[in-house]
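Visitor: Below you will find the structure I want to go over with you.
The values are calculated or read from the model by the stated rules, or taken from the named source; none is laboratory data. Keep in mind that this is a model prediction, so the values were computed, not measured. Here the Cβ positions follow ideal geometry from the backbone for every residue, glycine too, while neighbour counts run over all protein chains shown. When the accessible area is computed, the model is the full protein with side chains, heavy atoms only, and any ligands, DNA or RNA have been set aside. Shrake-Rupley method; radii C 1.70, N 1.55, O 1.52, S 1.80 Å.
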Amino acid sequence: MNKHQLITNYYIAHRGELLAYASSRLCGNDLAEDIIQDVFLKLLTTDKLLSEVTLPALVYTILRNLINDYYRCHAVYEQYEHYIKGACSEGTSMESVFSAHEIMERMERGLARVPENCREVYRMHIYDGMKVSEISRQLGEGYKSVEYRLGTARKVVRAYLSKAV
């Protein structure tokens, strides 16, 4: 049985079960359906080895991670929404709160605190939209090394931006 047929059969047999699982953790059936579709899109585009034994665990792992990502993203939106409302109520304009120029300046100031080798990896990831594996191939360096340097740069920039806000 090929990969697509295996995924299709699993989707047909377990869609209701997955929908119940996602709906119980999310506020809405529509959102749960969207996330389940994302799970199967990820499965169809993955290059991982799939079998009848590994597929259920992988499906639930991806589903759980997508639900967690949704809540993380939702929390960030709420945090910035609170910040925007607070800043706008003080009489400042929306343009001054989230000016793209201002954000880029802050990010560059944060990046100045990062070691050069980490800065290069961070810029390739953020500005060029490259994945760790692509950066690793382009620089001719190990995946874990690039991943570590990206993580280091993220921590420094995140810490700087959280103090600046």
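Visitor: Tell me the residue from A20, A13, A75 that is in contact with a helix residue (DSSP H, G or I) (Cβ under 9 Å, 6 or more places away or on another chain) and free of Cβ contacts under 8 Å to residues at least 40 places away in the same chain, please.
Guide: Selected residue: A20, the only one of A20, A13, A75 that is in contact with a helix residue (DSSP H, G or I) (Cβ under 9 Å, 6 or more places away or on another chain) and free of Cβ contacts under 8 Å to residues at least 40 places away in the same chain.
Visitor: Considering only residues of the range 79-104 that are of a type in the set (D, E) and modelled with pLDDT under 70, which is farthest from Y21 (Cα to Cα)?
Guide: Selected residue: E90.
Visitor: In the range 25-56, which residues are open to solvent by less than 60 Å² (accessible area, probe 1.4 Å) and either of a type in the set (D, E) or in a helix (DSSP H, G or I) (or both)?
Guide: Residues satisfying the conditions are L31, A32, I35, I36, V39, F40, L43, L55, P56.
Visitor: Next question, about the same structure. Taking the conditions exactly as written (in contact with a Ser or Thr (Cβ under 8 Å, 6 or more places away or on another chain) and free of Cβ contacts under 8 Å to residues at least 40 places away in the same chain), does N2 satisfy them or not?
Guide: Here the answer is no, as N2 does not meet what is asked.
Visitor: While we're here: Could you grab me the full set of residues in the range 34-56 that are of a type in the set (A, V, I, L, M, F, W, C) and within 16 Å of the chain's Cα centre (by Cα)?
Guide: I35, V39, L41
Visitor: I'm trying to understand the selection: among the residues of the range 105-143, which are of a type in the set (A, V, I, L, M), more than 12 Å from V157 (Cβ to Cβ) and modelled with pLDDT under 85?
Guide: None; the set is empty.
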